[in-house]
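Peer 1: Quick one: the structure is below, questions incoming.
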């Protein structure tokens, strides 16, 4: 079953329709510490998270879930503007197309001497592909959960939340393993000292849309959408050099308008052209500017409004309220929680961030009217978007039940009022940090949510189902079911491939999944049901006309 | 299911409320804020609850949260 409800009606994915529905997914890099080991190596801690989650899977399902990542189709240096960055000129952290390696000493630190189910597998895992079609792996110095591909913003919220549940399970496992120091994971984007780490969004868009137009429309949109989907931060500046509160975790870490890098000189528009799909037909828009959200409404609006604006672009009806000096304005908007700051547009107008958001909203409402209305989820997004713009124009604190930055600010202001704290009081910094702690007993977000002070859009049963089950309406269904049905024979996987190793075959069998809307339940459920084992499954696949492509 | 932004309804038309049957989040409305006194009481309760959750020695804990760069 699809936890969020019935599978998407394929007609809403028609690119000719104005809609928030499209293939999308999220990536979350979690902040990580082991408080009792202040100098712990972050890469080792991150691999503990991956291995601990693998151990829980083995225990529960009796299968090995370690899966090699197939790097064949990774191209992190391909630039959407039409060229490739030279490998020697790239920052080493940009080379995400080679597997990370631990030294022998580091391996010894991850592999526990003993635990209650015996030692972990002899090989230290740096990558897992999960039964729900997601990827859990070590990215630089953080554990990262990349959600399975979904077809709409609400499902994106659900499978993103499933990643938080996976992270919590791993933390609990580490805490319960003798000889291991407890590890804490935080869903935030900065250590508030000098460092930022990302939560990315990915949207499938037609290759036919000119990239420069995409960038021109999205820059003003991204500069201003933090009013709705910022997560709030205590501290100003990339080095936390001034006290205060701002809307966004990420804004102060951006230096460019457009560029290929994701770890240095971060750009508002990232040009990585790595479609993970049929490159002639699709682009994957890789959005690196968003904050990691705890609030489901913030997360829903972040992806929903972005997808709606992309639909305007597809239909060549998007506004371009070009902002003078967008990087500076990104930070100025973030630094003003009263939302009164005026942004200067190139056409001479001086408008607030909410005014800019309303320009996009109005264009969406017009587009919706033009086609005689839109699908229910898109209509719901438009309604919430407009309502929240109005609430924020009145008293921003009235949006505390919906938006992360407002919920966080309300708690901080209550502390300041009760205890007379200045913005540089370390307890306010701690509230900021613990808002994003993923352990419910330590998470301030979770406290607010448990009290009914923050709206939920998905429930715990749905999240639990999404941890183990893939979406039914994308290729993630094929990937997830290959992993769960044939754990011993699937030896590698990626977004666009599954690799089988079969006793009867001398060579590995690589099945391509380059069409994100194939490999769905509708197309492959019977194939899985009819195959007694991996040999039969692969032999049925290979007997079809397009034998190396998923159905 | 119609959307529910509690403090702000009707300022914009909720499009096609009648036909929203699938794929729309069901937000169960939390109670209204109530009187100022009740609100103040609620905030005091909330801060008491959070006081009990915060790590001890805020300054040291925050200083110890050091990350390596990411994407």
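Peer 1: With only alpha-carbon atoms counted, please give the Rg and Dmax of region A:261-360, in Å.
Peer 2: So, for region A:261-360, Rg and Dmax equal 15.3, 45 Å respectively.
Peer 1: A follow-up question, please. Averaged across the residues of A:187-193, what count of C-beta atoms belonging to other chains lies within 10 Å of each residue's C-beta?
Peer 2: Details: counts 0, 2, 2, 3, 7, 4, 5.
Mean shielding by partner chains, rounded to a whole number: 3.
Peer 1: Shifting gears a bit: So how far, in whole Å, is the C-alpha centre of region A:194-210 from the one of region A:442-483?
Peer 2: If we compute the Cα centre of each part, the gap is 22 Å.
Peer 1: Shifting gears a bit: Nearest-5 percent of antiparallel DSSP beta bridges in region A:165-286? Could the numbers behind the result be given before it?
Peer 2: Numbers: 9 of 13 bridges.
In region A:165-286, DSSP labels about 70 percent of beta bridges as antiparallel.
Peer 1: Computed over the Cα atoms of the protein assembly as shown, what is the convex hull's projected area averaged over all directions, in nm²?
Peer 2: Details: hull surface 109.7 nm².
Mean orientational projected area (the protein assembly as shown, Cα hull): 27.4 nm².
Peer 1: What distance in nm separates the two pseudo spin-label positions at residue A:172 and residue A:72, each 7 Å out from Cα along the beta-carbon direction?
Peer 2: Between residue A:172 and residue A:72, the label points sit 3.8 nm apart.
Peer 1: Something else now. Suppose we keep just the DSSP beta bridges with both residues in the protein assembly as shown; what percent of those would be antiparallel, to 5?
Peer 2: Numbers: 47 of 54 bridges.
DSSP beta bridges in the protein assembly as shown are roughly 85 percent antiparallel.
Peer 1: Measure of size requested: the Rg and Dmax of region A:145-294, with Cα atoms as the atom set and Å as the unit; please supply both.
Peer 2: Over region A:145-294's Cα set, Rg and Dmax evaluate to 17.3, 55 Å.
Peer 1: How do A:158, A:361 line up, fewest other C-beta atoms within 10 Å first? All intermediate terms of the calculation are to be shown ahead of the outcome.
Peer 2: Details: A:158 28, A:361 20.
Ascending Cβ contact count within 10 Å gives the list A:361, A:158.
Peer 1: Further question on the same structure: Specify whether the C-alpha gyration tensor of region A:206-251 places it in the rounded, prolate or oblate class, a ≥ b ≥ c being the square roots of the eigenvalues: rounded for a/c under 1.5, otherwise prolate if a/b is larger than b/c and oblate if not.
Peer 2: Working: a/c = 4.07, a/b = 2.79, b/c = 1.46.
In terms of gyration-tensor shape, prolate.
Peer 1: Let me ask something else. Partner chain Cβ atoms within 10 Å, averaged over the residues of A:372-380 - can you pull that number for me?
Peer 2: Mean shielding count: 6.
Peer 1: Give me the number: length gained by fully extending residue A:423 to residue A:16, i.e. 0.36 nm times residue separation minus the C-alpha to C-alpha distance, one decimal in nm. Could you put the intermediate results ahead of the total?
Peer 2: On the way: separation 407, 0.36 × 407 = 146.52 nm, distance 4.94 nm.
The span from residue A:423 to residue A:16 would gain 141.6 nm if fully extended.
Peer 1: OK, next. Taking each residue in A:387-395, count the Cβ atoms of any other chain within 10 Å of its Cβ, then average. What number comes out? Please report the intermediate quantities before stating the final value.
Peer 2: On the way: counts 11, 2, 3, 5, 5, 1, 2, 3, 1.
Whole-number average of other-chain Cβ neighbours for A:387-395 is 4.
Peer 1: Please arrange A:482, A:364 by how many other C-beta atoms lie within 10 Å of their C-beta, fewest to most. Write out the running numbers ahead of the final one.
Peer 2: Numbers: A:482 29, A:364 26.
Going from least to most buried by this count: A:364, A:482.
Peer 1: Under the classification rounded if a/c is under 1.5, otherwise prolate if a/b is larger than b/c and oblate if not, where does region A:503-549 fall, given a ≥ b ≥ c as square roots of the Cα gyration tensor eigenvalues? The partial results should precede the final answer.
Peer 2: On the way: a/c = 2.19, a/b = 1.27, b/c = 1.72.
In terms of gyration-tensor shape, oblate.
Peer 1: Further, regarding this structure: Sorted by mean Cβ packing within 10 Å, highest first, what order do the peptides A:281-294, A:324-337 take? Display every interim value, and only then the final one.
Peer 2: Details: A:281-294: 23.8, A:324-337: 19.8.
Taking the mean over residues of other Cβ atoms within 10 Å, the ranking is A:281-294, A:324-337.
Peer 1: Would you calculate the separation in nanometres between label points at residue A:547 and residue A:81, each defined as 7 Å from the Cα along the Cα-to-beta-carbon direction?
Peer 2: My value for the distance between the label points is 4.5 nm.
Peer 1: Where does region A:471-548 land on Rg/Rh, using Cα atoms and the Kirkwood Rh?
Peer 2: Values: Rg = 11.3 Å, Rh = 12.4 Å.
With Rh from the inverse mean 1/r over Cα pairs, Rg/Rh is 0.92.
Peer 1: Still on this model: Provide the FRET efficiency to the nearest 0.05 for the residue A:416-residue A:194 pair, computing r from the beta carbons and using R0 = 25 Å.
Peer 2: 0.45
Peer 1: Something else about it: Determine the shape class of region A:262-303: with a ≥ b ≥ c the square roots of the Cα gyration tensor eigenvalues, call it rounded for a/c under 1.5, and otherwise prolate if a/b is greater than b/c, oblate otherwise. Write out the running numbers ahead of the final one.
Peer 2: Details: a/c = 3.37, a/b = 1.45, b/c = 2.33.
Judged from the Cα gyration tensor, region A:262-303 comes out oblate (a/c at least 1.5, b/c at or above a/b).
Each value in this text was obtained by applying a stated rule to the coordinates, not by laboratory testing. Source: prediction; values computed, not measured. All Cβ positions, glycine included, derive from the backbone under ideal geometry; neighbour counts span all protein chains shown.
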